[in-house]
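Worksheet: one structure, shown below.
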Amino acid sequence: MSNDEITLCCMLWAYPGHEAALTEYEDTVLALLPEFGGRVYQRVIGSGEHDHPHEVQILGCPTQAALDTYLTDPRRMALASVRDATIARTELFPVRLHR
């Protein structure tokens, strides 16, 4: 891991009844991440009950520029309506990997 690498925790809450669609959307967009030098360190899926997130991800990208390019990739942007219909809430914040 370089000093420029961005490591993020992403927590996602699905709209009720859209949990499978959230997972499918994330399967699709996260598959693009390696093209930008990024990686999924960990991805876990829970029940979403009791206001817990449906999905939690730990993601890495080599630079902020690479992350920005991934986030604005036309293939990802084309799925914005799917995202908006399935994901009720997202929390994204920087973290540090502890080994």
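The values are calculated or read from the model by the stated rules, or taken from the named source; none is laboratory data. Everything quoted here is computed from the prediction, not taken from an experiment. We place every Cβ from the backbone using ideal geometry, glycine too, and count neighbours over all the protein chains shown. We work out accessible area using only protein heavy atoms, side chains counted, and drop any ligands, DNA or RNA first. Shrake-Rupley method; radii C 1.70, N 1.55, O 1.52, S 1.80 Å.
With angles folded into 0 to 90 degrees, how steeply does helix 19-30 sit against the dominant principal axis of the chain? Use alpha carbons for both and round to 10. It works out to around 20 degrees. Measuring only protein heavy atoms, the 1.4 Å probe finds I58 accessible over about 40 Å².
Which value in nm describes the separation of the simple spin-label points at V95 and C9, placed 7 Å from the Cα toward the beta carbon? Distance between the two pseudo-spin positions: 0.5 nm.
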